[in-house]
Amino acid sequence: MTVPQNISLLILPAYAPELNPVENVWQYLRQNVLAHRVFDGYDQIVDACCDAWNAFVNKPEVVPSITRRQWASVNV
């Protein structure tokens, strides 16, 4: 596999969810959209998750703020 010059690979340790930025996305959704709710069934859960995801992607300024990692920055 050839990695483009403008891509930096960071090897993360196995079983380290705190280092995975997408875990912050799920935490944000749980705390801000999906918290304190009771669902009657599977379909309601799926609908709520889809609504939460759509609300999240409609706030592009939130994505970098919760997924940024200071230690992962690369000086270009």
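Derivation of every value follows stated rules applied to the coordinates shown; laboratory data play no part. No experiment lies behind these values; they were computed from the predicted model shown. FYI the Cβ positions are ideal-geometry reconstructions off the backbone, even for glycines, and counts take in every protein chain you see.
Tabulated results
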item	result
When the convex hull of its Cα atoms is projected in every direction, mean area for the chain (nm²)	7.7 nm²
On Cα atoms only, tilt of 21-32 relative to the major axis of the chain in degrees	30 degrees
Relative contact order (percent, whole number), the range 17-69, Cα cutoff 8 Å, 6+ residue spacing	53 percent
Point-to-point label distance, ASN20-ILE66, nm (Cα→Cβ direction, 7 Å offset)	1.6 nm
